[in-house]
Amino acid sequence: MQFVGYSLRNNLFVAPMAGVTDRPFRQLCKKMGAGLAVSEMVTSNSLLYGSAKTQRRANHDGEVEPISVQIAGSIPEMMADAARHNVDRGAQIIDINMGCPAKKICNVMAGSALLKDEPLVGRILDAVVKAVPATPVTLKIRTGWDKGSRNALAVLKIAEQSGIRALAVHGRTRACGYTGHAEYETIAAVKATARIPVIANGDITSPEKAKQVLDATGVDALMIGRAAQGRPWLFREIEHYLATGTHLPPPRVSEIHAILIAHLEDLYDFYGIETGVRVARKHISWYTKGLVGSAAFRHRMNQLPTVEEQREAVNAFFLGLAEHGEHLNYEINDTAENNNMGELAA
């Protein structure tokens, strides 16, 4: 896929997720089939540029290009400075966050709260595009603040006038948070009007759903977020299905085990031992969610304080699964587990 001047493997993008899409996760998803991965949002507050968190979020060492960095804030001048700062440090695409529904972001009129102030949207977009004229700038939004004020079409027009090169739309309003089901009618309407690439986001959880969303909206690309947590191979599964109409075999227990262990080692190296152990816990939980015995395993694993104990627990869990067969059937939720039924299929 050709996208804002770059040649990508495909039209499957990793959604920016705070606390998730760090460098190890982005690299893994690209390895597993994603065409582009957007960083977790980086603050536009220059006072925080030196913080360990901000520096980690802006770390792209060894990352497969192109490098897309999302910035967040509500003051046009600060957003412009943040764009320049990140381009100077390797960003090749700047993405602007106007979709985050988190209260702490919206309470400072950033993220999806900006959708309530279209003139401010225009000033921010103008400022960022002018600040980095040689770098493509993209935008991520929701369909609106709430169901009574869906304004994605109006924001599209502002974005195009400002020189934004692509628009990603999550099929929910800010008021929806992550509840209910994403709606794609608004995204289809945006695509029908747009003169720039449009990316659909929200509830893309399987190869079949990916094709349904592409067919229903006509968008140029898909952006996948929560469904890839603990399932980074979802990108190759979707890629294969869209190309052939057939399914890849499910991943083998031994492969998932190897992917998780490699991911953990990257986390320990990236964050350091103490923070790495804490960050690794949520990833281990995502990889094992819905599998035989995983509830008890996660509870025990979350108490383990050292790298060695984490490794040992993960190895023991997957070796136990392998005794039942080499294939796993992953589900998106824990319904089977909550019914004391495992999602293990030989």
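Listing for the model above:
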{"item": "Sole residue being out of contact with any strand residue (DSSP E or B) (no Cβ under 8 Å at 6 or more places or on another chain) and among the hydroxyl-bearing types (Ser, Thr, Tyr), chosen from 179, 143", "result": "179"}
{"item": "Where residue 315 falls short, out of the listed (1) surrounded by fewer than 14 Cβ atoms within 10 Å (Cβ to Cβ); (2) closer than 20 Å to residue 28 by Cβ; (3) within 26 Å of the chain's Cα centre (by Cα)", "result": "(3)"}
{"item": "Residue match in the stretch 39-62 (condition: within 18 Å of the chain's Cα centre (by Cα), assigned to a helix (DSSP H, G or I) and more than 27 Å from residue 235 (Cβ to Cβ))", "result": "yes"}
{"item": "Count of the stretch 63-77 residues which are part of a helix (DSSP H, G or I) and crowded, with 18+ Cβ neighbours inside 10 Å", "result": "1"}
{"item": "Checking residue 247 against (1) part of a loop (DSSP other than H, G, I, E, B); (2) of a type outside the set (Asp, Glu); (3) touching a strand residue (DSSP E or B) at 6+ places or on another chain (Cβ under 7 Å), the condition it does not meet", "result": "(3)"}
{"item": "Among the residues listed as 279, 253, the single one being closer than 21 Å to residue 317 by Cα, among the β-branched types (Val, Ile, Thr) and more than 19 Å from the chain's Cα centre (by Cα)", "result": "253"}
{"item": "Residue count, the stretch 102-153 (criterion: out of contact with any Gly (no Cβ under 7 Å at 6 or more places or on another chain), part of a helix (DSSP H, G or I) and not polar (S, T, N, Q))", "result": "22"}
{"item": "Matching residues in the stretch 206-225 - criterion: being surrounded by 19 or more Cβ atoms within 10 Å (Cβ to Cβ) and either free of Cβ contacts under 8 Å to residues at least 12 places away in the same chain or not in a helix (DSSP H, G or I) (or both)", "result": "219, 220, 221, 222, 223, 224, 225"}
{"item": "Answer from 300, 278 - the residue that is part of a helix (DSSP H, G or I), at pLDDT below 95 and exposed (fewer than 15 other Cβ atoms within 10 Å of the Cβ)", "result": "300"}
{"item": "Failed condition for residue 25, given (1) over 21 Å from residue 135 (Cα atoms); (2) surrounded by fewer than 20 Cβ atoms within 10 Å (Cβ to Cβ); (3) aromatic (Phe, Trp, Tyr)", "result": "(2)"}
{"item": "Residue match in the stretch 141-156 (condition: assigned by TED's automatic domain parsing to the domain that holds residue 44 and touching a residue at least 60 places away in the same chain (Cβ under 8 Å))", "result": "no"}
{"item": "Check on residue 142, of a type in the set (Lys, Arg) and buried (at least 20 other Cβ atoms within 10 Å of the Cβ)", "result": "yes"}
{"item": "Total residues in the stretch 154-193, condition assigned to a loop (DSSP other than H, G, I, E, B), touching a Lys or Arg at 6+ places or on another chain (Cβ under 9 Å) and hydroxyl-bearing (Ser, Thr, Tyr)", "result": "3"}
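One line per residue, one yes/no per condition, for (1) over 22 Å from the mean Cα position of the chain (by Cα); (2) within 18 Å of residue 167 (Cβ to Cβ); (3) β-branched (Val, Ile, Thr):
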{"residue": "118", "(1), (2), (3)": "yes, yes, no"}
{"residue": "132", "(1), (2), (3)": "yes, yes, yes"}
{"residue": "135", "(1), (2), (3)": "no, yes, yes"}
{"residue": "139", "(1), (2), (3)": "no, yes, no"}
{"residue": "142", "(1), (2), (3)": "no, yes, no"}
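The values are calculated or read from the model by the stated rules, or taken from the named source; none is laboratory data. It should be emphasised that the depicted structure is a prediction, and the values quoted were computed from it without experimental measurement. For neighbour counting, all protein chains shown are included, and Cβ atoms are generated from backbone atoms with ideal geometry for every residue, glycine included.
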